[in-house]
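> Let me begin by handing over the structure; questions about it come next.
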């Protein structure tokens, strides 16, 4: 099923600016902290921007609003882009980002729902986003609530079994309120996903698990928005959006480089990244 959505150029430009800002802030945060995962944070910028600045029904003034949509960052190591989005959306002051990872800061290396306003799942072990999303979707059904659940996955986690157990459960219970977005950048910690543990034919795998599957260019905001709209109109079970992306997108020396899965730029590299991302005051 395809939904033809109208998204004005002004919205696309606005979201593109948010994505640029999220990339820039993510790189700066990781540089300040001296640790983090820039590659997967940068590859997901358009997806996160589309969700947090257009699609999600959320209220920064009421982070625990029962009717809010839920967002799960299953690949929790990409926390920098989530924290940047939460701050930019108003869940907490942007100045808090400067203290990411400090012992007494509410922003830790992986998102913690007990510490950070706006976080719906504590991350750490990969692959748990879909099973937790299933639980949230079932709870919403039992409570007769209409909110939606969105799960952002990494391709590396698709190599783990617990994710597919959750996928089976989502299909069994026909959880149409559950949408997964797969950040398919084909690079993980030690190299290319297709070398370490190939996932293909990935679209066919999801279909075999009885999920509705949509494929997009994950950096094309129009395609991302149309896929998110289509997922809301599908009533026959869960949907996965396979978003083809570039690891480290926007920073030339990080793109498609496994070394930047989890490494912090030095001062000179930060300056180059800022220039390439269009540094603004």
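The values are calculated or read from the model by the stated rules, or taken from the named source; none is laboratory data. What you see is a predicted model; the values in this text were computed from it and never measured. Here Cβ is always computed from backbone atoms with ideal geometry, including for glycine, and neighbour counts include all displayed protein chains.
> Among the residues in the range 68-76, are any in contact with a helix residue (DSSP H, G or I) (Cβ under 9 Å, 6 or more places away or on another chain), free of Cβ contacts under 8 Å to residues at least 24 places away in the same chain, closer than 24 Å to residue 31 by Cβ and part of a loop (DSSP other than H, G, I, E, B)?
No, the range 68-76 contains no residue that is in contact with a helix residue (DSSP H, G or I) (Cβ under 9 Å, 6 or more places away or on another chain), free of Cβ contacts under 8 Å to residues at least 24 places away in the same chain, closer than 24 Å to residue 31 by Cβ and part of a loop (DSSP other than H, G, I, E, B).
> Within the range 28-45, track down each residue that is within 22 Å of residue 192 (Cα to Cα), touching a helix residue (DSSP H, G or I) at 6+ places or on another chain (Cβ under 6 Å), in contact (Cβ under 8 Å) with a residue 60 or more places away in the chain and assigned to a helix (DSSP H, G or I).
Those that are within 22 Å of residue 192 (Cα to Cα), touching a helix residue (DSSP H, G or I) at 6+ places or on another chain (Cβ under 6 Å), in contact (Cβ under 8 Å) with a residue 60 or more places away in the chain and assigned to a helix (DSSP H, G or I): 38, 39, 40, 42, 45.
> If we keep just the residues of the range 90-107 that are assigned to a loop (DSSP other than H, G, I, E, B) and surrounded by fewer than 18 Cβ atoms within 10 Å (Cβ to Cβ), which is nearest to the chain's Cα centre (by Cα)?
So, considering only residues that are assigned to a loop (DSSP other than H, G, I, E, B) and surrounded by fewer than 18 Cβ atoms within 10 Å (Cβ to Cβ), the one nearest to the chain's Cα centre (by Cα) is 90.
> Here's another thing I want to ask about it. Please tell me if residue 87 is at pLDDT 95 or above, buried (at least 18 other Cβ atoms within 10 Å of the Cβ) and within 19 Å of the chain's Cα centre (by Cα).
yes
> Hey, another quick one. Collect the residues in the range 137-153 that are in contact (Cβ under 8 Å) with a residue 24 or more places away in the chain and over 23 Å from the mean Cα position of the chain (by Cα), keeping them in residue-number order.
Result: 141, 145.
> Quick check on my filter: what residues within the range 168-184 are buried (at least 24 other Cβ atoms within 10 Å of the Cβ) and out of contact with any strand residue (DSSP E or B) (no Cβ under 8 Å at 6 or more places or on another chain)?
Passing the criteria: none in range.
> For the range 183-193, state whether one or more residues are under 17 Å from the mean Cα position of the chain (by Cα) and under 16 Å from residue 72 (Cβ atoms).
Yes, the range 183-193 has at least one match.
> Given the criterion at pLDDT 95 or above and either surrounded by fewer than 18 Cβ atoms within 10 Å (Cβ to Cβ) or within 28 Å of residue 136 (Cβ to Cβ) (or both), identify the matching residue among 33, 68.
From the options 33, 68, the qualifying one is 68.
> Mind telling me which of the residues 207, 222 ends up being surrounded by fewer than 19 Cβ atoms within 10 Å (Cβ to Cβ) and closer than 26 Å to residue 140 by Cα?
One residue alone meets the criteria, 207.
> Filtering the range 127-156 down to residues that are in a loop (DSSP other than H, G, I, E, B) and out of contact with any strand residue (DSSP E or B) (no Cβ under 7 Å at 6 or more places or on another chain), which residue is surrounded by the fewest Cβ atoms within 10 Å (Cβ to Cβ)?
If we take residues in the range 127-156 being in a loop (DSSP other than H, G, I, E, B) and out of contact with any strand residue (DSSP E or B) (no Cβ under 7 Å at 6 or more places or on another chain), then 144 is surrounded by the fewest Cβ atoms within 10 Å (Cβ to Cβ).
> State all residues of the range 109-119 that are touching a residue at least 12 places away in the same chain (Cβ under 8 Å) and either surrounded by 21 or more Cβ atoms within 10 Å (Cβ to Cβ) or over 16 Å from the mean Cα position of the chain (by Cα) (or both); if no residue qualifies, say none.
111, 116, 117, 118, 119
> Additional query: Do we find a residue being outside any loop (DSSP other than H, G, I, E, B) and either under 30 Å from residue 272 (Cβ atoms) or out of contact with any helix residue (DSSP H, G or I) (no Cβ under 8 Å at 6 or more places or on another chain) (or both) anywhere in the range 54-65?
No, every residue in the range 54-65 fails to be outside any loop (DSSP other than H, G, I, E, B) and either under 30 Å from residue 272 (Cβ atoms) or out of contact with any helix residue (DSSP H, G or I) (no Cβ under 8 Å at 6 or more places or on another chain) (or both).
> Check whether at least one residue in the range 259-275 is loosely packed, with under 14 Cβ neighbours inside 10 Å, touching a residue at least 40 places away in the same chain (Cβ under 8 Å) and touching a helix residue (DSSP H, G or I) at 6+ places or on another chain (Cβ under 6 Å), and report yes or no.
no
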